[in-house]
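Notes follow the structure.
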Amino acid sequence: MNTMLRKSVLAIAGLTVAGGLAAGPLNHTDTTTNTSTATVAQATKPDTAKLIPHGVQGNQSHIDLNAEQVANTKAIIAATKKTGMDERAAVVSIATALQESKLENLGHLGDRNDHDSQGLFQQRPSSGWGTVEQITDPEYSTTAFLKGLKQVDGWQNMPLTEAAQTVQVSAYPFHYAQWEQQAADLVAEHWNS
């Protein structure tokens, strides 16, 4: 993206934040597997090309998830479905939450807190994302993030890190990209579970 276009996108993002978003964000083969069962299971998984339409950008990070993090992943997917958005929206959401909180529903961290950021998406009550109780509720916080994502014109055609950054307005805008593969894998695994 050229510099002028990037500045325009960031300026629009800034206006969005100032004008509304911040004020209320809208090869292993298992020889024991029955192939007919494997075919049916595989057919119900989301298409990888739809999950990562631009390919991953940069080195990818990965963390092992505990039961709480898996539950939060499933909550993000459920909220995404409830809003009527697709698997790609879930990938963007999960990658964002992986970067912001490692899929942990964080409360106030004292001196380690970034202002008053809390929850899966590190949303701020002072920026209009909701009350502490709301933004630490996985369904609410995901719905708030997705409401912001819907306001990003053409988010479906943007690389993940640009779509996430336009909503989040992070000091580290390119860090979201490192979680795209794990987010896509989680959506593929849990979308139909």
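Partners of K45 within straight-line reach, counting lysines whose Cα lies under 21 Å from its Cα and excluding those fewer than 8 residues away in the same chain: K74, K81, K82. Modelled spin labels at E189 and V132, positioned 7 Å past Cα toward Cβ, are 3.2 nm from each other. Taking amide H atoms as placed 1.01 Å from N in the peptide plane, the amide H of L106 lies under 5 Å from those of G119, L120, each 5 or more residues away in sequence or on another chain.
Along the axis of the charge dipole computed for segment 96-193 (Cβ charges of +1 for Lys and Arg, -1 for Asp and Glu, origin at the Cα centre), the listed residues P125, P138, Q182 are led at the positive end by P125. Please find the FRET efficiency linking A171 to A49, where r is the Cβ-Cβ separation and R0 is fixed at 30 Å, and quote it to the nearest 0.05. Once rounded, the FRET efficiency stands at 0.40.
Got a sec? What order do K45, K81 fall in by accessible area at 1.4 Å, biggest, i.e. largest, first? Intermediate values should be presented prior to the final figure.
Numbers: K45 115, K81 85 Å².
Output order, biggest surface exposure first: K45, K81.
Shape of segment 60-193 from its Cα gyration tensor (a ≥ b ≥ c, root eigenvalues): rounded if a/c is under 1.5, otherwise prolate when a/b > b/c, or oblate?
Here segment 60-193 falls in the rounded category.
Packing-based ranking of 148-155, 177-184 yields 177-184, 148-155, ordered from highest to lowest mean Cβ neighbour count within 10 Å.
The values are calculated or read from the model by the stated rules, or taken from the named source; none is laboratory data. Every value quoted in this text rests on a predicted model; they were computed, and no experiment measured them. In this analysis, Cβ positions are derived from the backbone assuming ideal geometry, glycine residues included, and neighbour counts consider all displayed protein chains. Keep in mind that these areas ignore ligands, DNA and RNA; they rest on the heavy atoms of the full protein, side chains included. Shrake-Rupley method; radii C 1.70, N 1.55, O 1.52, S 1.80 Å.
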